[in-house]
Every structure is written in C-alpha cells, then in structure tokens.
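Reviewing the structure listed below.
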Amino acid sequence: MIPTLIFIFNQLRFTNSLTNSLPFLSQHTLAPCTDVRSPLYSFALSSRSQSDFDGWCDYQKIVRVGVITSRGGVAGRGLFSIQGAQSGSVVASIPANCVFAPCPDDDEEWQVSLTKTVLATGDDSDSDQTWIREWEGGGHPDMKELYRIAAEDGADAALRRTGTLARELARHIPSLLESEARSEIDARLKRFERRLPMMEVGRGISSPNDLVKWYCLVLSRAGGLGYDWNDVTGIVPFFDMLNHCHDKELANVDLMTVGQCVDKMGEGKTQEDLGLERKDFVLVTTKSVRAGEELLTQYQTDIENTDCLLKLWLQYGIPPPDIL
C-alpha cells in the first residue's frame, strides 16, 4: 500500500505542477496517450456543455488524468478512462475550495444548507452554474412528484397519495413491507415540509417545482466528506459525475482526502510534502482500468440491505437489480 500511495503522489505532484504553470491546460493535454480516434473521445469533444464543463474544471484547477465525462454511462452521464490506468493511480484531484459543504458552525441540516448554496450560485460563465447545469436525475420520479405536491399543497395532501409508490417499492425490494415503504415515504415528506421554509428562493427559481428539482438533485449528489471535513455531508465536483454499480466487483475508483492518504502513508509524511491541503480530494483507481472503461463507485455498499435498496431508489433513482 505505501509504495502505491507514494507513486500516486509522485504522479499527482507532476500533474499539479503542470496545471499550476499552465492553468488552462485541458484534460486531454494531461493525457498524452489519449487515442483521439476513440468514438467516446470524439463524442465528448463534440458536446458544447462538455466543453463548458471542461473549461470550468480547468478554472477550478481540477486535474483530470486521462478521464472524460460522457453521456454513454450505465445511467446517463458518467466518467470514463480514455487511456487506461493501473490500480492505485490518481485520475483526478479536486481542490477543497470548489466543494459544496456546510459551514462548520452552521446549525442548519445539510439538506437545507446545500440547497441554499445551489440556489445562491451566480450565472456568469465562470460560476458554479456551469457545473450545476450538468446535474441530472434526482431520485425516483414519483417521489419528486410527491415533494411537488407537498410544496404546493402541504405534506398532508402528498401523504394521501403515497400508496402507488409504496406498493411499487414493496413489490421489487425483498423483505420490504408496503407499510414500511409508506412509513419511509411519509418521513421524507414530513422532513421536506419542515425544511421548506428554511430554503430561500434563489436566483432563477420561479416555482415550487423548481425548488423541488434542486432539493432532489442535492440529495442525489451529496455524500459524507470524511474526518478531514468533520464528517459533514457535501458535494464534490467531478466525483459527483460517477455512476453507481450494484456489483462491488465492478467498482473501480475511490474518493479520498489528501489527509486520509497521508495518514495511510505514515512515515512522517505531511500534506505539505505533496503540495496539497488535507481537505483536497483525490480520485484513485482501486483496480486496473482499461481504456474506454467507465469509472464506477457504490453509493451504498450493503446493497443486500433493504434500507440501502430503499434509499438508492427513492433518493438516487436507482432501482433494484431485478428491474434494471
């Protein structure tokens, strides 16, 4: 493990030095082995939104090493390797200052804090809107409709219409009773109703439906940031483009803070040795990846667990394996 991590940071230090010297280097310049004949590569370059997002990543100094985003993933937009990578390779580094996270002293629930952060972003070309415009999905469509009803008519009106969704969930998730599914839906609606007054209407939000859209997208993209971030929940750009896989054998990347990596390395290493901050993130391959292969992770690792399957479907819009 230690030699692998040392190799990781040797590689990362090199790519970071390039990026600091030439801040507008594209990910493709950082990937000299790129096969530009690849249909996947050509498709990514042909997309205007892809070009805008690449420019935003360059502006934020998000280093990508032979990785692109493409709409050819297992669930729409995803991350792909275009040159392959050995296990233990850094394929991206993400500075802490572009992560959406609640303030340490913020008493608000993360769902409220992050939704307000998203609603408050500007619309100039270098703003986080360039990243946010790439967001897709946002949970089970029937759950989003129930949130919309709750926003417009109150949670009680939505609670009277949960039966269809509860029956669908119970039919496809092993060991889940319809009453249990209904209880989970009801709890989510009541939490949403309680949070609604705290989520200020932001720029470009003109209706309850718009607010529900961004609230659901925040829920579907947020995750724990680890102990270097005091275990708060936040959204990490670029990493949030990764798709989920039910089969753990297909997961091939992991997100770590630089602090976590330094602690694993031991031997008196510090983040200053690497020219990075503890709260910065690196995306590291956990197994060898072939050129053209999609990078995948697991949003929930215990996918045999009923609660995990329920969360995946309601919050992320990912159904159980039997109906994929």
So which residues in region 81-109 are within 18 Å of the chain's Cα centre (by Cα) and surrounded by fewer than 21 Cβ atoms within 10 Å (Cβ to Cβ)?
Pro95, Ala96, Asn97, Cys98, Val99
Members of region 277-305 that are out of contact with any helix residue (DSSP H, G or I) (no Cβ under 8 Å at 6 or more places or on another chain) and touching a residue at least 60 places away in the same chain (Cβ under 8 Å)
Thr285, Thr286, Lys287, Ser288, Val289, Arg290, Ala291, Glu293, Glu294, Leu295
Test set (1) assigned to a helix (DSSP H, G or I); (2) touching a helix residue (DSSP H, G or I) at 6+ places or on another chain (Cβ under 6 Å) - Asp210 fails condition number
(2)
Of all residues in region 124-141 being more than 16 Å from Asp210 (Cα to Cα) and of a type in the set (D, E, K, R), which is surrounded by the most Cβ atoms within 10 Å (Cβ to Cβ)?
Asp128
Candidate set: region 281-324, residues that are more than 12 Å from Leu169 (Cα to Cα) and among the aromatic types (Phe, Trp, Tyr); chosen: the one surrounded by the most Cβ atoms within 10 Å (Cβ to Cβ):
Phe281
Index of the failed condition, Lys144 passing every other in (1) part of a helix (DSSP H, G or I); (2) crowded, with 21+ Cβ neighbours inside 10 Å
(2)
Kindly evaluate Ala181 against the criterion of being touching a Leu at 6+ places or on another chain (Cβ under 6 Å), in contact (Cβ under 8 Å) with a residue 60 or more places away in the chain and aliphatic (A, V, I, L, M).
yes
When restricted to Lys190, Lys144, the only residue under 20 Å from Lys311 (Cα atoms) and touching a Cys at 6+ places or on another chain (Cβ under 9 Å) is Lys144
Being of a type in the set (Lys, Arg) and farther than 21 Å from Thr69 by Cβ is the filter here; which residues of region 214-251 pass it?
Lys248
Within region 152-203, helices (runs of 4 or more DSSP H) holding 3 or more residues that are under 20 Å from Tyr316 (Cβ atoms) and not acidic (Asp, Glu):
163-172, 178-195
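Every residue, every condition in (1) at pLDDT below 90; (2) touching a strand residue (DSSP E or B) at 6+ places or on another chain (Cβ under 6 Å); (3) part of a helix (DSSP H, G or I); (4) of a type in the set (Val, Ile, Thr), yes or no:
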| position | (1), (2), (3), (4) |
| --- | --- |
| Leu40 | yes, yes, yes, no |
| Leu45 | yes, no, yes, no |
| Ser51 | yes, no, yes, no |
| Gly55 | yes, no, yes, no |
| Arg71 | yes, yes, no, no |
| Gly78 | yes, yes, no, no |
| Gly88 | yes, no, no, no |
| Ala92 | no, yes, no, no |
| Cys103 | yes, no, no, no |
The residue from Val262, Val258, Val253, Val201 that alone is over 15 Å from Ser113 (Cβ atoms), at pLDDT below 95, open to solvent by 70 Å² or more (accessible area, probe 1.4 Å) and β-branched (Val, Ile, Thr) is Val201
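The values are calculated or read from the model by the stated rules, or taken from the named source; none is laboratory data. Being a predicted model, the structure only gives us computed values, none of them experimental. Note: ideal-geometry Cβ built from the backbone for every residue, glycine included; neighbour counts use all protein chains shown. The protein model used for the area step is the full one, side chains on, heavy atoms only, and it has no ligands, DNA or RNA in it. Shrake-Rupley method; radii C 1.70, N 1.55, O 1.52, S 1.80 Å.
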